[in-house]
């Protein structure tokens, strides 16, 4: 891949939405002479990969963040502690304006402490090389690509490379974020990433952000692929056996809709301690309740999350008779239907019926009908 410069910058600039280019150009004008306005991170990476960039993260070097945010004329929220602002764009998206900074970790796993820095400092503090590319907006128009860490070479190799030897020791969540990116963009791990995985495992319990990243993983387009990568990299202990998540990926590929909650329920099913995992991931009660319904014998229509999970967790399960079925077979409407269904449910729990055909025979006996 060619080095950073006007050609690569023009390619990335052209890949942005016209309204986003206009907004970034206006930011450069508002920041003024001597300041640098740079689009950074995922938007630049995705633009160079030919993917439509949507999220705008902008670093301001030598400009007042709050003043620039106010000058946009758009609604914004300012965070004084970090000198960051989130501006609401006309289409409802939020764009982050970030003061260029350096970061240091008071202790591994804890939140980093920011200090004012330059654009180059800001790029060097990031997680992976291909996330440390910047598109510096020029006052005279257009933009130039800025690469201080070799991110373009990583992008050409489709390789995920940590930027620092202690990257995963300081922040184990970077390993989970890496799996998310690798699954989404079909990236391969740099040897340095694999070498740092033992650090990520050692620091997992001291890194609360790790579990937030793993929760985000369950909302990725291919959670099963991301979970498999973690397992291949040596971190399968975080989410357990990825086979169920991969099976849900296959259902998505076949055209089914699979929700993040369904993936979360599948992750609980694969966990050695589902309750502990639910707490760590902050899943709430709904995935566990979904899992319990899937493991039960209540009827659910085809296409529901319960049926999706039941097909994976209980492949020998059959569809039990419904109220409509028992009514058609002679149960008395109203209370009689409920009593017939309760009788069949008891037989299922006792293992006395194992198919819809056996349920029909048992119902006939219950109703004293000829079989």
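Of note:
- Residue in the stretch 346-356 that is at pLDDT 85 or above, within 21 Å of residue 295 (Cα to Cα) and either assigned to a loop (DSSP other than H, G, I, E, B) or touching a helix residue (DSSP H, G or I) at 6+ places or on another chain (Cβ under 9 Å) (or both) present: yes
- Residue 80 being touching a helix residue (DSSP H, G or I) at 6+ places or on another chain (Cβ under 9 Å), surrounded by fewer than 15 Cβ atoms within 10 Å (Cβ to Cβ) and free of Cβ contacts under 8 Å to residues at least 24 places away in the same chain: yes
- Residue 37 meets each of the listed conditions (1) outside any strand (DSSP E or B); (2) at negative phi; (3) in contact (Cβ under 8 Å) with a residue 24 or more places away in the chain apart from (1).
- Elements of type helices (runs of 4 or more DSSP H) contained in the stretch 107-181, each with 2 or more residues being surrounded by fewer than 16 Cβ atoms within 10 Å (Cβ to Cβ), more than 20 Å from the chain's Cα centre (by Cα) and at negative phi: 151-157
Let's see how each residue does on (1) in a helix (DSSP H, G or I); (2) at pLDDT below 90; (3) farther than 30 Å from residue 168 by Cα:
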position: 237; (1), (2), (3): yes, no, no
position: 240; (1), (2), (3): no, no, no
position: 248; (1), (2), (3): yes, no, no
position: 288; (1), (2), (3): yes, no, yes
position: 307; (1), (2), (3): yes, no, yes
position: 315; (1), (2), (3): no, yes, yes
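- Among the candidates 246, 256, the residue that is over 17 Å from residue 183 (Cα atoms) and surrounded by fewer than 21 Cβ atoms within 10 Å (Cβ to Cβ) is uniquely 256.
- The requirement of being assigned by TED's automatic domain parsing to the domain that holds residue 15, farther than 19 Å from residue 126 by Cα and part of a strand (DSSP E or B) is fulfilled nowhere in the stretch 45-53; no residue meets it.
- Taking the criterion of being touching a strand residue (DSSP E or B) at 6+ places or on another chain (Cβ under 7 Å) and either in a loop (DSSP other than H, G, I, E, B) or not assigned by TED's automatic domain parsing to the domain that holds residue 27 (or both), the residues of the stretch 64-103 that qualify are 72, 74, 75, 82, 83, 89, 100.
The values are calculated or read from the model by the stated rules, or taken from the named source; none is laboratory data. Owing to the predicted nature of the structure, the values given are computational and were not obtained by experimental measurement. Using ideal geometry, Cβ is built from the backbone for each residue, glycine included, and neighbour counts are taken over all protein chains shown.
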